[in-house]
Structures are given as C-alpha cells and as structure tokens.
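J.: Following this message is one structure expressed as structure tokens.
The values are calculated or read from the model by the stated rules, or taken from the named source; none is laboratory data. Predicted model, so just to flag it, every value in this text is computed and none were measured. Here Cβ is always computed from backbone atoms with ideal geometry, including for glycine, and neighbour counts include all displayed protein chains.
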Amino acid sequence: MPVAIEKYQEIKSFLDQKQVALVAVSKTKPQEDIQELYALGQRDFGENYVQELVDKAAALPQDIHWHFIGHLQSNKVKYIAPFVHLIHGVDSFKLLVEINKQAAKNNRVIPVLLQVHIAKEETKFGMDATELKAAMEDASALDHIVVKGLMGMASFSDDPLVVQPEFAYLNGLYQEHKKNKTHNIDFSVLSMGMSGDYQLAIENGSNLIRIGSLLFGARNYNK
Ligand SMILES: *Cc1c(COP(=O)(O)O)cnc(C)c1O
C-alpha cells in the first residue's frame, strides 16, 4: 500500500491545532515509506525492533528523531543507546539501570518514558501504580537518564466505555507525578493513542500519539 499522504496531512493539521506530537510508527515498513513522510516534514518515527531500527537509522537522514516504542530487552540497549531520541516502553527498574549505563558510555542523557499497564489484557507490558512510584524514587540515582513522562496502551477494543477510563487513569497518574520535578524527572510527555483510539486519547490528555497503520497501511509480519 502507498503511504496515505492525504491522511497524514489531515491528521497533522488536526494535531497541530491541538498541540499534540506525532510519532509515525514505521515498523516493518520499507525505508522509502519513511522517506516519503520525511519529505513532507515528518521527523519523528517509531520502531519496535532493535535490529530494524539500527539498520534504518544508519541508512536514513541523520536529523530523524528515532523513538523506540517496543518491548526493549536489556541486552539490546547498547545498540540504540548512541542515537535513540526517546525510549517509550520502559517497564522495569532493571531496564532503567541498563539504559543509564549505556547512556553513560555514550556520554549521553537518554530521555525515557515509563510504561504503565492500563489495558485489561495480561499480555500488554507495563508497571502498576505502585511499581511506578518505586521506579521513580529509585531513578533519582541514575544521572544518565531523564524521565520525561508516561506511556500506555489501552485495551484492544472499539468500545470507548472500555478505553476511555484507561486513558483517564493514565492521565491521572501523569498529572500527579508531573508535580514532583527532580533533577532527572521532568514530565512533559504523555504518550498514548494509536490509529484506532488517538482521538479519545487526546480528549483524555495525551500530547503524543503513535500512529502506524493509518499512515502506512496494515502490517504484514510474514514477509
Ligand atoms: C505498532 C504500535 C503502534 C502503532 O499502531 P497502529 O495501530 O498501527 O497505529 C503504536 N504504539 C505501539 C507501542 C506499537 O507497538
């Protein structure tokens, strides 16, 4: 499927009005698709797989902001640490420690979002409110990361009555922790909303959405 240029422009002007940032989720999609949106001014792209991200980052323009939005294994942090712009899915203190270590090796401070489990499904990753609080307290010892906010994925459901309270809950946690700024916790990003639910996410406080299939078409994992 070709890149949905008109859809991109429509979503982009809607988001600009609302002052919401867009990460174009390009996982499994070819570099040419990324180039097409790049030519229209898009600079923030999201990827889920480390090797794919490393390959694309090496081949594509250097001013792209690469967001890692997948589930990150500790032993792979080193490959993306030199260049990653924001890591969205941090769901354990152990991972935070490894990101801090690899950031230090690269003389960087890496911005991260902590992932909160808000969906009904067991399979989605993330911390609960208690784990989040503990991770934020422990994070104060890590000088090579800065916690910029929270990320979450709602239940896979078309029912706003299911999804809306999940977004509202995450926004509540975000607003609460936003008040407690420290030297390396400085909230300004609430990453929630995808192709199917981004409007609802924005109504509930999101200021960064991650859109893939609406822009690039459905993904084929069997290639
Ligand atoms: C794949 C993915 C997206 C994009 O999903 P679409 O429904 O295609 O917009 C957003 N966020 C995360 C974490 C993803 O893994």
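J.: Taking the options N180, N220, name whichever one is farther than 16 Å from A21 by Cα, within 16 Å of the ligand (Cβ to nearest atom) and at pLDDT below 95.
T.: Exactly one of N180, N220 is farther than 16 Å from A21 by Cα, within 16 Å of the ligand (Cβ to nearest atom) and at pLDDT below 95, namely N220.
J.: Follow-up. Can you say whether P61 is of a type outside the set (D, E), in contact (Cβ under 8 Å) with a residue 12 or more places away in the chain and away from the ligand (no atom under 15 Å from the Cβ), as far as the supplied structure shows?
T.: yes
J.: Still on this model: For residues that are assigned to a loop (DSSP other than H, G, I, E, B) and either within 19 Å of L173 (Cβ to Cβ) or within 16 Å of the ligand (Cβ to nearest atom) (or both), tally how many sit in the range 130-158.
T.: Total satisfying the criteria: 6.
J.: Quick check on K27: is it among the basic types (K, R), touching a helix residue (DSSP H, G or I) at 6+ places or on another chain (Cβ under 9 Å), within 16 Å of the ligand (Cβ to nearest atom) and under 22 Å from D197 (Cα atoms)?
T.: yes
J.: For the range 58-80, name all the residues that are of a type outside the set (S, T, Y), closer than 18 Å to K101 by Cβ and surrounded by fewer than 21 Cβ atoms within 10 Å (Cβ to Cβ).
T.: The answer is Q73, N75, K76, K78.
J.: Same structure, new question: Using the structure shown, decide if S13 is small (G, A, S) and surrounded by 22 or more Cβ atoms within 10 Å (Cβ to Cβ).
T.: no
J.: Additional query: From the residues in the range 7-50 that are of a type in the set (S, T, Y) and at negative phi, which one is farthest from the chain's Cα centre (by Cα)?
T.: S13
J.: Residue by residue through the range 175-201, note down the ones that are crowded, with 20+ Cβ neighbours inside 10 Å and in a helix (DSSP H, G or I).
T.: Within the range 175-201, Y198, A201 qualify.
J.: So which residues in the range 193-216 are more than 9 Å from the ligand (Cβ to nearest atom) and in contact (Cβ under 8 Å) with a residue 60 or more places away in the chain, if there are any at all?
T.: Within the range 193-216, I202, S206, N207, L208 meet the criteria.
J.: Is it fair to say I87 is out of contact with any Cys (no Cβ under 8 Å at 6 or more places or on another chain) and in contact (Cβ under 8 Å) with a residue 40 or more places away in the chain?
T.: no
J.: Residues being hydrophobic (A, V, I, L, M, F, W, C) and surrounded by fewer than 18 Cβ atoms within 10 Å (Cβ to Cβ): count how many of those fall in the range 16-53.
T.: Adding up the residues that qualify gives 3.
J.: Let me ask something else. Of all residues in the range 79-118, how many are within 16 Å of the ligand (Cβ to nearest atom), closer than 26 Å to G172 by Cβ and either among the hydrophobic types (A, V, I, L, M, F, W, C) or part of a loop (DSSP other than H, G, I, E, B) (or both)?
T.: So the answer is 10.
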